[in-house]
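Just so you know, all these numbers are worked out from the coordinates, no wet-lab data involved. None of the values given here were measured: they were computed from a predicted structure. Virtual Cβ from ideal backbone geometry, glycine too; neighbours counted across all protein chains shown.
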Amino acid sequence: MRVAFNKPTFLGNEPDYVSSAARAGNVSGGGDFTARCQQLLQRQLGSARVFLTTSCTSALELAALLISLAPGDEVIVPSFSFVSSANAFALRGARPVFADSRPDTLNMDEAKLEPLITRRTKAIVAMHYAGIACEMDSINEIAERHGVPVIEDNAHGLFATYKGRQLGSLGCMGTQSFHGTKNFTCGEGGALLINDASYIPKAELAWEKGTDRLRFMRGQVEKYTWVSLGSSFLLSDLLAAYLFAQLERREEITRQRQATWNYYYDNLEQWANESQIRLPIIPNHCSNPYHLFYLVLPDAEQRTRLMQHLAAHEIESAFHYVPLHTSPMGKRFGGRQGTCPVVEEMSERLLRLPFYTGLTEHELARVVAVLHEFEPVTS
C-alpha cells in the first residue's frame, strides 16, 4: 500500500456550500462566501482588512503593487522560500536581495538582516517556514529603524502564533495560501491581510482591477472607472464556498494534524538522536500550526539514501526549496549577492515526510517502521 506524500483536506460540507453558491448565482469573485471567509479571517487574525485572492502568489503581487515599487528598488527576501516570495516583487521591477536562514527554524536570520538594508530597500519579506514564526520583534525593530515595511509570507502558518500574536498580523501586510497542499484549502486560493489601515484604500482599488467599483457598490460614486493600477485578484465565490467549509472546522483540522505531528515526533525522537538526524525545532514562544514534518539528515548523500529507502517501500517523501539565490532567475534578477551558507547546506539535507489531514495511524506506523529500518552512516 502506497503512502502518499500529500492529499488535500476534504471534510464533507464543501460540495453543499459550493452548490449553495452556484444556486445563488455567486460564481464570480466578491460574493457571499467571499465576505464570510474574509470576515472570519479578519476576526480571528485581528487584521484591519482581508482580501481573498486567487493564490498566495497573487496576494504577494498585490502587496508589491501597494508599496509602489520602481526599477532599481530592492526587496529583501529569504533565499529558502518558494519562488513567489521573490517573483512577485521582481515583476514590479525590484531586485530581490537574498537573506540567509537561521540553522534552527530555517527562517530568515534576523542577525544577518540589517547589513542587507540600503537606501534602495523598499520592503522585507518574512516567510514563516513550516508555520513557525520568524523572530518578528527583532525584524520589525530593524525595519522600523530604517523606515521599511515588513510583509509576512505566511503561506505555511495560518492560525499559528508568535508570543501569543497571530502570524500574518505582525507586519504591515501578510499573505496566506489555500493551495491544495495547505492545512486549509480550496485548491487554489490565497488572501492578503492588511494590518496597516493606510493601505486599505489603495488595496480596494488594486483588488478590483484598478477600478473604484467598491466605492460604487457602497453608493459613494455614481459609476466606477479605471483609477489605479490593479489586476484580477478576486477569488471565485465557488472556491470561497469550499474554503469556508474548511475554515469553520479549523479546530478539528488542527487537532488531526497535531496528532499526526506528535506521532512522528514521539516515535522518531530516540531513533533520530541515535542516527544523528535532526527533528524540527519549535521555540517556546512559537506555536505550531502542524503544516509539515521534516528531518535534517547529516548530509545530502544520506538524504538521497533515505528517500530511496522510503520509495522502495512505496512511501512518498520530498525535499524542499532549492535556494533562490543559486537559481538561474535568482542570479539574473538578484540584487547585491550576499552569502547564504545555511540555506545551501540545509536545502541539501532536509527531507519531508508524508503529512496531511486524514493520514491514518496505520499509515503513520508504516512510515515510522520503515524509517527505523534505515541504517544511516554515522561518524
Kindly establish whether GLY189 is touching an Asp or Glu at 6+ places or on another chain (Cβ under 7 Å) and either crowded, with 24+ Cβ neighbours inside 10 Å or among the basic types (Lys, Arg) (or both). no
Does LEU60 satisfy being within 19 Å of the chain's Cα centre (by Cα) and part of a helix (DSSP H, G or I)? yes
Just name the residue that is farthest from the chain's Cα centre (by Cα) out of those in the stretch 166-187 that are farther than 18 Å from HIS291 by Cβ and not aliphatic (A, V, I, L, M). CYS172
Residues (under 23 Å from ARG278 (Cβ atoms) and among the hydroxyl-bearing types (Ser, Thr, Tyr)) located in the stretch 312-368: SER317, TYR321, THR326, THR339, SER347, TYR356
Of the numbered conditions (1) part of a helix (DSSP H, G or I); (2) surrounded by fewer than 23 Cβ atoms within 10 Å (Cβ to Cβ), ASN26 fails exactly one; give the number of that condition. (1)
Residues in the stretch 223-238 that are free of Cβ contacts under 8 Å to residues at least 60 places away in the same chain and either assigned to a strand (DSSP E or B) or not hydroxyl-bearing (Ser, Thr, Tyr) (or both): how many? 3
When the stretch 308-332 is examined, which residues are found to be crowded, with 18+ Cβ neighbours inside 10 Å and hydrophobic (A, V, I, L, M, F, W, C)? LEU310, ILE315, LEU324
All conditions in (1) surrounded by fewer than 20 Cβ atoms within 10 Å (Cβ to Cβ); (2) touching a helix residue (DSSP H, G or I) at 6+ places or on another chain (Cβ under 8 Å) are true of ASP109 except (1)
Can you find even one residue in the stretch 296-305 that is surrounded by fewer than 19 Cβ atoms within 10 Å (Cβ to Cβ) and part of a loop (DSSP other than H, G, I, E, B)? yes
Which of the residues that make up the stretch 190-228 are in contact with a helix residue (DSSP H, G or I) (Cβ under 7 Å, 6 or more places away or on another chain) and of a type in the set (Lys, Arg)? LYS202, LYS223
Do any residues in the stretch 268-284 that are free of Cβ contacts under 8 Å to residues at least 40 places away in the same chain have Cβ atoms under 9 Å from those of residues that are of a type in the set (Lys, Arg) and surrounded by 16 or more Cβ atoms within 10 Å (Cβ to Cβ), where the two are at least six apart or on different chains, and which pairs are they? ALA272/ARG278; ARG278/ARG349
Out of curiosity, is ALA143 without any contact (Cβ under 8 Å) to a residue 60 or more places away in the chain, crowded, with 18+ Cβ neighbours inside 10 Å, within 23 Å of ARG332 (Cα to Cα) and of a type outside the set (Ser, Thr, Tyr)? no
